[in-house]
Amino acid sequence: RASAAQHEGGVGGADLGGYDIPLEQLLGLPDSPMGESSEELPRPRLTLDFDDHREERRHCGLLKWKVEKGVPDVGGLGWRSRQGHLLKNQTFYSSNPKENLWDNPTLAGPKTWKEWHGPRLRSDAPLMARLDRLEAEQADHEAKKHYVNAVRVQTLDRFYNLKVENEQKEMASQWAPHRRAKKQVHESLNCFEAELDSMPVKELKKVLTSAVLQGDRNAIRMITMRVQAEETWKAAWRDMEKERRDDIRATHEQRSAYNDMLMDLAGQPGRLRQPDRTLPDSATPRTRELSQPTGPRHVASGHVGVTQLIDYKGLFHVDHKHALEARLPGQGHELCAALAARATESARPGWPPPP
């Protein structure tokens, strides 16, 4: 470069990016007006602009390339010695994961360089690939952002509509929920019996006739009689088990007393007994209430009733109260509740059976 500079401009000048600057100014000699005209000197500007070959690819569909004429010694096939031998340094042995040897410019031959690596580097193919990946990631990020924003707006709108609906229900004096068909819940409920609650009154009058309702009530009475007999036998069995347990306890107490008498006659010390000893009780009233046996679900002194047994499943007065209310407005629910209460009272164990 020094010899080239001497041939071009001599010793007193240098070529820096196209600017002719005297060598005295660069060296800062005393006779150089460096301090006075340093601000007026032209300075080369660095820029990050580069030729984006993707515009040509978008316009033409591909990038035209040609075979390289030469092979560089540095930066292409690696460093070489003066004799032309390839230096096997760290760059020669370096390798990236999932990379073939022919895709490494250092290990490539002259033909591979001229036909593949040279045109690839000249067209900035690696940079284009990175820019494409960056744009794809940015597009995915924008799509995710728009999706999250859209879902958030829908969620806020749904919550606000629910809030307005609840406020309207609070202000209304009375309201009735919409009865949906059971087949919307599960496909197994898509049958004739499951749709009675959602049928119109005109069709209910054809199905729930007076004879059908009378037969349904008779079925409830017959099932209640059988359940009452079963409960009576269960109660009798429990009483027998209780008496048997009391007999066993009495027998054990008699044997214990007999053993104590034998020990006294033999002169042995008697067994130490503390009849007044009681264990501390730290249970709360609620704990005692929970510890009591509840018994069967249908005989509990609550509001469930005996009609919750599987024996009553499918009866109109038990499973289709809404249909009876639509068939008998103002009387359907009361009729079902009264019939269930009477059936529960009649199913209580005892002899003679309750009416």
Just report the Cα centroid separation between the range 185-202 and the range 308-327, whole Å.
13 Å
If each part is reduced to its alpha-carbon centroid, the range 82-161 and the range 217-256 end up apart, in Å, by 83 Å
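No value in this document is a laboratory result; all are computed from the given coordinates. Here the structure is a predicted model, which means the values were calculated and not measured.
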